[in-house]
Every structure is written in structure tokens, then in C-alpha cells.
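Trainee: Okay, here's the structure, questions in a sec.
The values are calculated or read from the model by the stated rules, or taken from the named source; none is laboratory data. The structure displayed is predicted, hence computed values, not measured ones. Note that we place each Cβ from the backbone using ideal geometry, even for glycine, and neighbour counts take in every protein chain shown. Side chains are part of the model used for accessible areas, which takes the heavy atoms of the whole protein and leaves out ligands, DNA and RNA. Shrake-Rupley method; radii C 1.70, N 1.55, O 1.52, S 1.80 Å.
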Amino acid sequence: MSQYHLIYWPGFPGRGEHVRLVLEEAGVSYTDTAQTSEGVNEVISHISGGVPDDGVNPPILAPPVFRDEENNLVISQTPNIVLYLGGQLGLLPDPKTDPTGKWKVNELVLTALDGLSNEVHDCHHPIAVSLYYEDQKEESLRRSEDWVKNRLPKFLAYFERVLESKSAGSGGWLYGGRLTVADLVLFQCVDGVKFMFPKATKKAEREGKYGKVFALYNAVKERPNIKKYLESERRQNYSNGLYRYYKELDFEG
């Protein structure tokens, strides 16, 4: 049995994809409920209170959920899981030479998830997650047009600035001159935004102001383990999840 177990909805990459990319880059074995026929039942069991209280791990509110069998650990929240795995799998700065580095990397992870994941989700669900997109379409149009015009360039410019900073070091990565979980998270965020807003991201690439961001994106995409994963059937297609394509929301900015 694998030490690591990811519990997430099947059918779309979603927030669980950030966790998968960390595991795939590290080349470790793991199990994933999205790849099993009864996996959805395990997700529902966790969020509905159907999992017995083990006296150690707090109950789970929502996926992704991650279980480390060897350490009797069950945790949720994407950045929390990513930070944990980064330390386990050598995808954070070395604490011996850079004892505060992991907090700087986590800062970058949180910023990417705030602006290029959570805000993007709110573009198609700006009023309530309990409503269908069609029930808030007018508000979605307004929100998406503003996000593409104002927020997308803001976050792309920020990460371009990070990549130009001395703290990034050499090599084209976000921090310390080496790949960390922050680069993997930013890759997935940019990939999702490219799917949801193709006109705006193509325009951003043409403008040439965010060359280092898109170079990082391409560099992650070509890493051997990531490339193999992206080309496999285990990489799920975008659909009705966090990143969704609606023609009417595809603004150029």
C-alpha cells in the first residue's frame, strides 16, 4: 500500500491537481480516489462526517484531503498539503541553509492560489457557490471582464517581479535558484487560466511583459516527470470544475 493517499473528486483536475503535481514531480507512489471507481464515496464520507473519529486528526470540511499512512496524518486545505509534501519530498528550501525559506515559498503559493485560483473560480460563481452559473450569468460577465482587465495583469506582473528579484536566484524559478512547490502551483494556476481565458492569456504572452512567468510555465511543463504525467490518462481534462470555459466569458482584456 502506498504511503500517500489523495482524496478528491473525480472528473476534473480541481484543487487536488496542485497536490498531484508535487507528488508526480517527486516521482513517489500514491493513490488517488479520482482514479478509482468508488473514490467519490470516500470523498463524501470525509465531508459528511462518515469517517470515525480517530482521536488524532480533526474532522474534514472539504477536499482535497491527504493521508500519510506512515505518520497517521490526515489533513486538508491545498496549501497546507502542498507545504507538508514540500518538506517531505525535498521541494522546499533546505532548512539547514535557509531556515525561513519555506515560509517565503508558502507566501508565493498562497498568493498564486488567491489571485489565479480562488479569484478565477469567483468569475463563474461571483454570487454563491450554491447557485448554477446560469443563475448568476450577468454578474459573471461583469466579474470576468473586470478580472481579465485588472486582476490578471496584476498577478502576472507580480510574479514577473518575483522572478526578476534577487531572492529568485538564477535558473528561472521563483525562489532560491531551484524548483519548489511554488513553481508547481504557479504552473497549474497559469494552465487553468489559459484554459478558462485563452484570449486574455494569449494577449498577455504576445505583449511580452511577462516573459519570465511564461518561461517558468513552459519549463515546468517540460520537466520529465511532469511531462510524462501530463501526457498520461491520469491527467484529467478541465470540465465543470474550478477552471471552466464559457465562450461569453472569454474576454481579451
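Trainee: Shape of segment 199-242 from its Cα gyration tensor (a ≥ b ≥ c, root eigenvalues): rounded if a/c is under 1.5, otherwise prolate when a/b > b/c, or oblate?
Mentor: Judged from the Cα gyration tensor, segment 199-242 comes out oblate (a/c at least 1.5, b/c at or above a/b).
Trainee: State, as an integer percentage, the relative contact order of the chain based on alpha-carbon contacts under 8 Å between residues 6 or more apart. Mind dumping the intermediate values first?
Mentor: On the way: 360 pairs, mean separation 54.7, N = 253.
Relative contact order for the chain comes out at 22 percent.
Trainee: Can you give the extra length, in nm with one decimal, that the chain gains between D146 and D68 once fully stretched, where that is 0.36 nm per residue apart less the Cα-Cα distance?
Mentor: Gain on stretching D146 to D68: 24.0 nm.
Trainee: So, R0 is 22 Å and r is the distance between the beta-carbons of L89 and V56; what FRET efficiency does that work out to, to 0.05?
Mentor: After rounding to 0.05, the efficiency reads 0.45.
Trainee: Give, in nm to one decimal, the length gained when the segment between E119 and S45 is fully stretched (0.36 nm per residue of separation minus the Cα-Cα distance).
Mentor: 23.8 nm
Trainee: Suppose a student asked you for the relative contact order of segment 83-157, using Cα pairs under 8 Å spaced at least 6 residues apart; what percent would you report?
Mentor: Relative contact order here is 22 percent.
Trainee: Mark the label point 7 Å from the Cα of D98 along Cα→Cβ and return the residues of segment 170-211 whose backbone N is within less than 16 Å of it.
Mentor: Taking a point 7 Å out along Cα→Cβ of D98, the residues of segment 170-211 whose backbone N falls under 16 Å are 170-186.
Trainee: In nm, what is the difference between 0.36 nm times the number of residues separating L131 and N225 and their Cα-Cα distance?
Mentor: The span from L131 to N225 would gain 30.0 nm if fully extended.
Trainee: Sum -39500 (n - 2.57) across every DSSP H segment of at least 4 residues in the chain, then divide by the residue count to get the 222 nm mean residue ellipticity, nearest 500. Before the final figure, lay out the partial values.
Mentor: Working: 11 runs with 117 residues, N = 253.
The per-residue figure over the chain is -14000 deg cm²/dmol.
Trainee: How high is the relative contact order of segment 1-147, in percent, with contacts defined as C-alpha pairs under 8 Å that are six or more residues apart?
Mentor: Once normalised by length, the contact order is 18 percent.
Trainee: Continuing with this model, one more query. Does segment 126-187 come out rounded, prolate or oblate by the C-alpha gyration tensor, with a ≥ b ≥ c the root eigenvalues, rounded set by a/c under 1.5 and, if not, prolate when a/b is larger than b/c and oblate if not?
Mentor: Here segment 126-187 falls in the prolate category.
Trainee: Hey, another quick one. In square nanometres, what is one fourth of the surface area of the convex hull spanned by the alpha carbons of segment 109-253?
Mentor: Across all orientations, segment 109-253 yields a mean hull projection of 8.8 nm².
Trainee: So, one more: Need one number: nm distance between label points at S165 and T36, each 7 Å from Cα along Cα→Cβ, rounded to one decimal.
Mentor: 4.1 nm
Trainee: Going by accessible area, probe 1.4 Å, with all protein chains left in place, what is the ranking of W103, W147, W9, largest first?
Mentor: Order by accessible area, largest first: W103, W9, W147.
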